[in-house]
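Take a look at the structure set out below.
The values are calculated or read from the model by the stated rules, or taken from the named source; none is laboratory data. Note that the structure is a prediction, hence the values are computed from the model and not measured. Cβ sites come from the backbone with ideal geometry, for glycine too, and all protein chains shown count toward neighbours. Remember, those area values only see protein heavy atoms, side chains included, never the ligands or the DNA or RNA. Shrake-Rupley method; radii C 1.70, N 1.55, O 1.52, S 1.80 Å.
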Protein chains: 2
Amino acid sequence: MAMHINAFEMLADPTRRLIVEALRDGERPVNDIVRRAGIHQSGVSRHLRLLHDAGFVSIRPEGRRRVYALQPGPFRELEAWIAGYRRLWEARLDRFGAALEERRNDGAAKEEPGQ
Amino acid sequence: MAMHINAFEMLADPTRRLIVEALRDGERPVNDIVRRAGIHQSGVSRHLRLLHDAGFVSIRPEGRRRVYALQPGPFRELEAWIAGYRRLWEARLDRFGAALEERRNDGAAKEEPGQ
DNA sequence: CATATATATTTATGGCCATGCATATTAATG
DNA sequence: CATTAATATGCATGGCCATAAATATATATG
């Protein structure tokens, strides 16, 4: 429900990546994940809560289980961010543009073209 | 030169993302980046070192400047990782497969199909 | 209702990391 | 060679976060 949490920070943690990868090919209840995660159940629950807050996963109660599943949103965000760097490897990088003229006004920063 | 550093951890830090974004449209010397980063020069230098160790940037000495530029490698890695989740939003997620049969062997973890 | 199972949360703790300051290095310049 | 500019590094510090243990909550089951 909270999108103020950065997607990269989420995936920075190895355990969280492991959880996400465990959910890659389908939803799973918590204990399923605990077995592969190699950490305490409370830790997995906390990570799942963070992932849920960040919009990475959905929760579906099923009896006394809580079934978690990946959500597409954050992945779209990541894809979009990286897309901005695609020309890095698809074309040669063009060294023209802002870098040159920026180097000109050496003493004081006046305006940033990028953002 | 060291690829043992995870790309997500690199981009988890806001300052580091800011640096990467500052280099998006071309190479820049350190002081150029310091101006936009809003943190001390030593901090920028340290981040640039980390980014270099992780293969994100190259260094080109130019007089007494050190000109940094983005490198495609880590971005390709990221792209590849996310590509594994593309069906999440391109198709509906299929809830069959491993999740079901995993739920069957409840008591003990025996083998993981995914990895 | 008592008990067991599944998950969440509270609390405490240790460790890592981003930052700033001071200093070192390297290079240009006079 | 002394000085200044540009960048890097050693050191100390504060804060955040991942983890575990204990406890709470919720749900199935007898």
Review point. Can you name every residue in the range B:11-30 that is within 11 Å of DNA strand C (Cβ to nearest atom) and within 11 Å of chain A (Cβ to nearest Cβ)?
Key: B:Leu11, B:Ala12, B:Asp13, B:Pro14, B:Arg16, B:Arg17, B:Leu18
Practice item. Report, by residue number, each residue of the range B:1-30 that is open to solvent by 50 Å² or more (accessible area, probe 1.4 Å) and either under 10 Å from the mean Cα position of the chain (by Cα) or in contact (Cβ under 8 Å) with a residue 12 or more places away in the chain (or both). Key: B:Met1, B:Met3, B:Glu9, B:Leu18, B:Arg24
Point to revise | Residue list for the range B:51-63, filter: within 13 Å of chain A (Cβ to nearest Cβ) and either within 8 Å of DNA strand C (Cβ to nearest atom) or in a helix (DSSP H, G or I) (or both) | key: B:Glu62, B:Gly63
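Could you say which residue among A:Gly43, A:Gly63 is over 13 Å from the mean Cα position of the chain (by Cα) and within 25 Å of B:Ala12 (Cα to Cα)?
One residue alone meets the criteria, A:Gly43.
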Exercise for review: Run down B:Arg35, B:Arg64 and say which single residue is basic (Lys, Arg), within 13 Å of DNA strand D (Cβ to nearest atom) and under 24 Å from A:Asn6 (Cβ atoms).
Suggested key: B:Arg35
Review point. For the range A:72-94, does any single residue satisfy the condition of being within 16 Å of DNA strand C (Cβ to nearest atom) and either assigned to a helix (DSSP H, G or I) or charged (D, E, K, R) (or both)?
Key: no
Check your understanding: within 13 Å of B:Pro74 (Cα to Cα), within 13 Å of DNA strand C (Cβ to nearest atom), open to solvent by 50 Å² or more (accessible area, probe 1.4 Å) and not in a helix (DSSP H, G or I) - does that describe any residue in the range B:31-43?
Key -> no
Practice item. List every residue pair whose Cβ atoms lie under 8 Å apart, where the two residues are 6 or more positions apart in sequence or sit on different chains, the first residue falls within the range A:45-66 and is touching a residue at least 60 places away in the same chain (Cβ under 8 Å), and the second residue, located anywhere, is open to solvent by 20 Å² or more (accessible area, probe 1.4 Å) and within 11 Å of DNA strand D (Cβ to nearest atom). Key: none
